[in-house]
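Engineer: This is the structure I have questions about; it appears just below.
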Amino acid sequence: MNSDKPVEVAQSVAVPSAQAWSVVCLCAAWCGVCRQYEADFRALQQQFPQVRFVWLDVEDEEELVGDLDVETFPTLLIAHQDRPMFLGPLLPQIKVLERLLASLQEAQAASPGLPAEAAALWRRIAAQLA
């Protein structure tokens, strides 16, 4: 992993691990859509203070991303405790993420059709954040 550019947590927030939710935005520095989305993504922390928001550049963190092929930006990974709940591209509108996060928190159930690589990706990211 590139130690010069560590995984970037949107804000330092002490989140109790037993109830921890994490939202990881898989992005790329060259992506104009990602650059536009980033400010709103970081601001969402204010609305969901119990959630850890992470901005992860897939090119700077190739080892962490592993074999996952991110083709559409933004792609988000949402996890609750040690369980991935969602992995996939999302429209770059912050309201879409707000609704998705709220519905996952309410249902406490993973999205149907969760990709198989979601669990391995979340384990690698969680280990880096620990």
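Engineer: Residue 58: under 14 Å from the mean Cα position of the chain (by Cα), within 17 Å of residue 31 (Cβ to Cβ) and modelled with pLDDT of 90 or more, yes or no?
Structural biologist: Yes, satisfied.
Engineer: Residues of the stretch 110-130 being touching a Leu at 6+ places or on another chain (Cβ under 9 Å) and not in a helix (DSSP H, G or I), which ones?
Structural biologist: Listed by number, the residues that qualify are 110, 111, 114, 115.
Engineer: Cβ-Cβ distance below 8 Å, separation of 6 or more or different chains: which pairs start in the stretch 109-121 with a residue that is farther than 12 Å from residue 77 by Cα and end on one that is at pLDDT 90 or above and surrounded by 15 or more Cβ atoms within 10 Å (Cβ to Cβ)?
Structural biologist: Correct list of pairs: 109/85.
Engineer: Those residues that are more than 26 Å from residue 32 (Cα to Cα) and loosely packed, with under 13 Cβ neighbours inside 10 Å, I need them from the stretch 84-102; list them, please.
Structural biologist: Answer for the stretch 84-102, where residues must be more than 26 Å from residue 32 (Cα to Cα) and loosely packed, with under 13 Cβ neighbours inside 10 Å: just 102.
The values are calculated or read from the model by the stated rules, or taken from the named source; none is laboratory data. Nothing here was measured: the structure is a model prediction, and the numbers come from that model. As a convention, Cβ positions derive from the backbone with ideal geometry for all residues, glycine included, and neighbour counts pool all protein chains shown.
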